[in-house]
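S.K.: Let me give you the structure first, and then I'll get to my questions.
None of the figures in this text is laboratory data; all of them are computed from the coordinates on show. Just so it is clear, the model here is predicted, and its values are computed rather than measured. All Cβ positions, glycine included, derive from the backbone under ideal geometry; neighbour counts span all protein chains shown.
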Amino acid sequence: MIIYGARAVHLKSAQPKSIICPSCSTQGSSVISIYRKHAHIFWIPLFPITKNGISQCQHCKKVLEPKEMPEPIKREYINLKNDTKGPIWQFAGLGIIAALISWGIYTNIEDKKKESVYLQLPQMGDVYKYKVENGNYSTFKIVDVSQDSIFISPNEYEINKIGQVYTIDKPENYSEIVYGMSKTKVKEMYDSGEIYDIDRLE
Ligand SMILES: [Zn+2]
């Protein structure tokens, strides 16, 4: 269950001396309060939604919404609201999301850098994940390397979920039969996305 909603945070209150309560006519008894609402998910603030407020007379306890405020109270309310900034933490969720996205981009770039090294200097034991023509996914493992070719042992299993390819990457699944492939061909398969991941135990 995802719990989400909105929560209002009190930002600021003021009690202007000049204003008169429309209900009991007491002067200077009204407190104007400004709140900012934010959306939350599991109580983690995501981003602010609205800023608004109320006034309450401390004498007769009458509460006024902005649309009910007489002009002088409304003017004070708008001034106070415009003067008040909400806390930055109400953006926490957006910050977390932005951080996750940049972390994802960063690790992806680091992965690609590593893989380009693996392609140029293949090593025995490197595991390549690739798309099979029938839409499944499988792997092959490098068993030998020469000047311009790699020699691979194909995985005898395929799987239809890309996220579960690691489950078939077991020593006993690799074929005894060895195929040679030119490094140029491997590079082409990588550039076209047919080979989509290269793993090396380090
Ligand atoms: Zn009053």
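S.K.: Considering Cα pairs under 8 angstrom that are at least six residues apart, work out the relative contact order of region 4-95 and quote it in whole percent.
M.R.: Working: 176 pairs, mean separation 25.6, N = 92.
It comes to 28 percent, rounded to a whole number.
S.K.: With contacts defined as alpha carbon pairs under 8 Å and 6 or more residues apart, what's the relative contact order of region 105-199 in percent?
M.R.: Values: 154 pairs, mean separation 28.2, N = 95.
Across region 105-199, relative contact order equals 30 percent.
S.K.: Something else about it: If the reach is capped at under 28 angstrom between alpha carbons, list the lysines near residue 12, excluding any in the same chain fewer than eight residues apart.
M.R.: 37, 51, 61, 62, 67, 74, 81, 85
S.K.: Here's another thing I want to ask about it. Which pairs break 20 Å Cα to Cα here: 131/183; 161/185; 114/183; 113/170?
M.R.: Working: 131/183 18 Å; 161/185 25 Å; 114/183 16 Å; 113/170 26 Å.
Beyond 20 Å between Cα atoms: 161/185; 113/170.
S.K.: Can you compute the modelled spin-label distance between residue 133 and residue 184, with each label point 7 Å from Cα toward Cβ, in nm?
M.R.: The answer from the label model is 2.2 nm.
S.K.: Tell me, in nm to one decimal, what length is gained between residue 176 and residue 108 on full extension, where the rule is 0.36 nm per residue of separation less the Cα-Cα distance? If you can, show how the numbers build up before the last one.
M.R.: Details: separation 68, 0.36 × 68 = 24.48 nm, distance 3.32 nm.
Going from the current span to full extension adds 21.2 nm.
S.K.: Could you calculate the contour length gain from residue 197 to residue 164, that is, 0.36 nm times the residue separation minus the distance between their Cα atoms, to one decimal place in nm?
M.R.: On the way: separation 33, 0.36 × 33 = 11.88 nm, distance 1.31 nm.
The residue 197-residue 164 span can extend by a further 10.6 nm.
S.K.: Relative contact order of the chain, please, whole-number percent, based on alpha carbon pairs below 8 angstrom and at least 6 residues apart. Spell out each step's value before the answer.
M.R.: Working: 341 pairs, mean separation 27.9, N = 202.
Once normalised by length, the contact order is 14 percent.
S.K.: For the peptides 24-35, 127-138, 57-68, what is the packing order when you average, over each peptide's residues, the other Cβ atoms within 10 Å and list the highest mean first?
M.R.: Numbers: 24-35: 17.6, 127-138: 16.1, 57-68: 13.9.
With the highest mean Cβ count within 10 Å placed first, the list reads 24-35, 127-138, 57-68.
S.K.: Using the per-residue mean of other Cβ atoms lying within 10 Å as a proxy for protection, in what order, highest first, do the peptides 86-92, 102-108 fall? Provide the component values of the computation, followed by the final result.
M.R.: Numbers: 86-92: 14.7, 102-108: 10.0.
Result, highest mean Cβ count within 10 Å first: 86-92, 102-108.
S.K.: Across region 25-33, in residue order, what do the Karplus-derived ³J(HN,Hα) couplings come to in whole Hz, using 6.51 cos²θ - 1.76 cosθ + 1.60 with θ = phi - 60° and x for Gly and Pro?
M.R.: Computed from phi, the couplings for region 25-33 are 6, 6, 8, x, 9, 8, 9, 9, 10 Hz.
S.K.: Moving to a separate point now. For a Förster distance of 30 Å, can you work out the FRET efficiency between the beta-carbons of residue 68 and residue 1, rounded to the nearest 0.05?
M.R.: Working: r = 37 Å, r/R0 = 1.25.
Once rounded, the FRET efficiency stands at 0.20.
S.K.: Go through 155, 9, 82 and say which Cα lies farthest out towards the positive end of the charge dipole of the chain; charges sit on Cβ, +1 for Lys and Arg, -1 for Asp and Glu.
M.R.: Farthest towards the positive pole: 82.
S.K.: Another question about this same structure. Enumerate the calculated ³J(HN,Hα) couplings along region 6-18 in order (Karplus 6.51 cos²θ - 1.76 cosθ + 1.60, θ = phi - 60°), each rounded to whole Hz, writing x wherever the residue is Gly or Pro.
M.R.: In residue order, the calculated couplings are 10, 9, 9, 10, 6, 9, 6, 10, 8, 10, x, 5, 7 Hz.
S.K.: To continue, here is another question. How far, in nm, would the chain grow between residue 89 and residue 145 when pulled straight, counting 0.36 nm per residue and subtracting the alpha carbon separation? Write out the running numbers ahead of the final one.
M.R.: Details: separation 56, 0.36 × 56 = 20.16 nm, distance 5.42 nm.
Full-extension gain reported as 14.7 nm.
S.K.: Compute the FRET efficiency between residue 13 and residue 44 as 1/(1 + (r/R0)^6), taking r as their Cβ-Cβ distance and R0 = 35 Å, and round to the nearest 0.05. Intermediate values should be presented prior to the final figure.
M.R.: Working: r = 26 Å, r/R0 = 0.75.
Between residue 13 and residue 44 the formula returns 0.85.
S.K.: Could you tell me how far the Cα centroid of region 1-27 sits from the Cα centroid of region 51-84, in Å?
M.R.: Centre-to-centre distance over Cα atoms comes out at 7 Å.
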